[in-house]
Amino acid sequence: MNQQPTYKLLKMVCDGDTESFGQLYALTRLDVYRTVYFLLNDKQDTPDVVSEVYMELLHCLKDYKEDKPFRSWLNGLTVRQARNWNRKLWRKFRLSERNKTLEIRLPEVDAAHEVLRSESRNELWTRIEQLPFKLKAVIVLRYYQDCPLEEIADILGIPTGTVKSRHHLALKKLRLALRERPEFAKEESVHANG
């Protein structure tokens, strides 16, 4: 978020002013969308989760305290909504898998979706997506939202030391995964004196 909304604007949104909500949405939508996109397992659900974030924002805005940065508060709300959505999908997946054992169906292949998905991901992002949610949340907030470690701790409601250890573990896992790829292996540097 480049520009922070004022407390007056937030108060007006709380009071039901739709124009103020439009201003708040315009100030925050890109960061919310990006954060949700990076945290979801199914990218096509991003608009739905963004809508959920703003519905929850309207519901919870009355509890926002001015002493806490709005960006941190909104990032926390966004991460919680993405986590809840992923949990809900996991439950549906488990039920679906259980039902599949009861019936045999031919798999449906959507070739267009597979081509788009494979073209849109690069190697690093593929590895980030494979991280557990706790590690992925720290990486997304740190490198895609530019949050300092202390702010991430506040957003996730965990100690700064835990954020640091998750950050370190995530980077370690990413380095190991990328070293397995020949094009990412370290090359010996050659320096010419001349």
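Just a few scattered comments:
- All positions within region 33-67 that are in contact with a Phe, Trp or Tyr (Cβ under 6 Å, 6 or more places away or on another chain), surrounded by 12 or more Cβ atoms within 10 Å (Cβ to Cβ) and outside any helix (DSSP H, G or I): Y64
- Residue in region 127-135 that is modelled with pLDDT under 90, β-branched (V, I, T) and within 17 Å of L39 (Cα to Cα) present: yes
- A single member of V32, V49 is free of Cβ contacts under 8 Å to residues at least 40 places away in the same chain, aliphatic (A, V, I, L, M) and closer than 15 Å to A137 by Cβ, and it is V49.
- Screening D45, D31, D15 for residues that are under 30 Å from R127 (Cβ atoms), at pLDDT below 90 and acidic (D, E) leaves exactly one candidate, D45.
The values are calculated or read from the model by the stated rules, or taken from the named source; none is laboratory data. Model, not experiment: these values are computed from the prediction. Please note: Cβ atoms are built from the backbone with ideal geometry, for glycine as well, and neighbour counts cover all protein chains shown.
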